[in-house]
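**Q** Encoded as structure tokens, here's the structure I'll be asking about.
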Protein chains: 2
Amino acid sequence: MDNLPSPEGGRPLFLYSMTTIDDLDARLIALLTAEPRLGVLECSRRLGVARGTVQARLDRLAARGVITGFGPDVSPAALGYGVTAFVTMEIRQVSGHDPVADRLARIPEVLEVHTITGASDLLCRVVARTNADLQRVIDQIVDVQGVLRTNSIIALDTPVPYRVLPLVADVPRRESRST
Amino acid sequence: MDNLPSPEGGRPLFLYSMTTIDDLDARLIALLTAEPRLGVLECSRRLGVARGTVQARLDRLAARGVITGFGPDVSPAALGYGVTAFVTMEIRQVSGHDPVADRLARIPEVLEVHTITGASDLLCRVVARTNADLQRVIDQIVDVQGVLRTNSIIALDTPVPYRVLPLVADVPRRESRST
DNA sequence: TCAGGGCTAGGCAGATTGTCCACTCTTTCA
DNA sequence: TGAAAGAGTGGACAATCTGCCTAGCCCTGA
């Protein structure tokens, strides 16, 4: 599940070589995003191409790492974790970022960790059941060895939930062969 | 695709009623996360339950909004958008947050927008092809009517990519009936 | 004690999948 | 200029899975 896989046995892909997305690729991704349960056959019908083509495209998109999976999208809110917060933190730099990140990763409520530029060193996204519960989670974070100071920002609302579709539709395209 | 759908015709679900996740539910989600392409039949084999049970569980999880979909996970990095940044911004409060969010949503590189507590009003996650390209995206954000000031933080690395699995495994469980 | 919900086990027809193949067209490159 | 490689098409195959249904069993709550 590397981010930038190279084709089996081939030389590594360079950044500029990954931007190649076909118009058909984009339509396929858009279609699957809209109706994820569609099978290959149904996709081929909707897109007006042969089934083998869709199959090949999907294989290639997966091989290139453009599509990393089809995992079920789980809503933390539906599980009772209705509070989302972003926590930035300063850490003891001596040992680098990783040991801290490893320990943060052991906290289930920590959904995501980034090392960042700026005054802080790490940014992580956490969820909690309530604001009081958020305190508990933050306490766990503060308890992590190497964490010096934290700063929490609560997400009150999410007017634009995570999405990639507009980006896919906007990617500079490779020329489609047919048409 | 609402976040908190209520069962057809029923009264709306309340927060405390959504926390009910079975051990079997958790195992099912974990299984599907690990191997999303599995069919219902294969899942039932792996979990050691009847096919109809898996089918019913999936239906219920989807109906409750726990599983919101099975969309393809697209990697912006693989599309050439290797730079991720978090942009906080202050906005003109008079007209509320929404108009600004709407305009931000029109920028494909804006993947996510939250209204937040603290000194800033909005936090959004953006991607760009390069640091120079990030400047272009930020310019677009600044150009949005109502945006007064922005502050950008670049994500250098992501030691813990977005994940929900540990949370699912950790959710306070309803007692499983069988076993 | 009854009703309802959930699980198991089985059956059925229809649809889909993975995997072949042969053929065509276009681009690339020696 | 000609050959090779890459991509798409259309078709075919067996194996499998899906959606849907039935019936019985068990447990819980009213």
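Any read-out appearing in this document is the output of simple, stated calculations on the displayed coordinates, not a laboratory observation. Quantities reported herein were computed from a predicted structural model and do not represent experimental measurements. Neighbour counts are summed over all protein chains in view; Cβ atoms, including those assigned to glycine, are modelled from backbone coordinates with ideal geometry.
**Q** Please report, for A:GLU90, the nm distances (one decimal) from its label point, 7 Å out from Cα along the beta-carbon direction, to the equivalent points in the remaining copies, shortest first.
**A** Nearest first, the other copies' label points are 2.3 nm away.
**Q** Oh, and also: With θ taken as phi - 60° and the coefficients 6.51, -1.76 and 1.60, list the Karplus ³J(HN,Hα) couplings across the stretch A:59-72 in order, rounded to whole Hz; mark glycine and proline as x.
**A** The phi angles translate into 4, 5, 4, 5, 5, 7, x, 5, 9, 9, x, 10, x, x Hz.
**Q** For B:ASP121, which sequence-distant residues (separation of 5 or more, or a different chain) have an amide H within less than 5 Å of its own amide H, given hydrogens modelled in the peptide plane?
**A** B:MET89, B:GLU90, B:ILE91
**Q** Another question, if that's okay. Relative contact order of the stretch A:77-155: what whole-number percent is it, with Cα pairs under 8 angstrom and at least 6 residues apart?
**A** The normalised contact order for the stretch A:77-155 reaches 46 percent.
**Q** Another question, if that's okay. Distances from A:LEU156 to the same residue in each other copy, label points 7 Å out along Cα→Cβ, in nm, shortest first?
**A** 3.3
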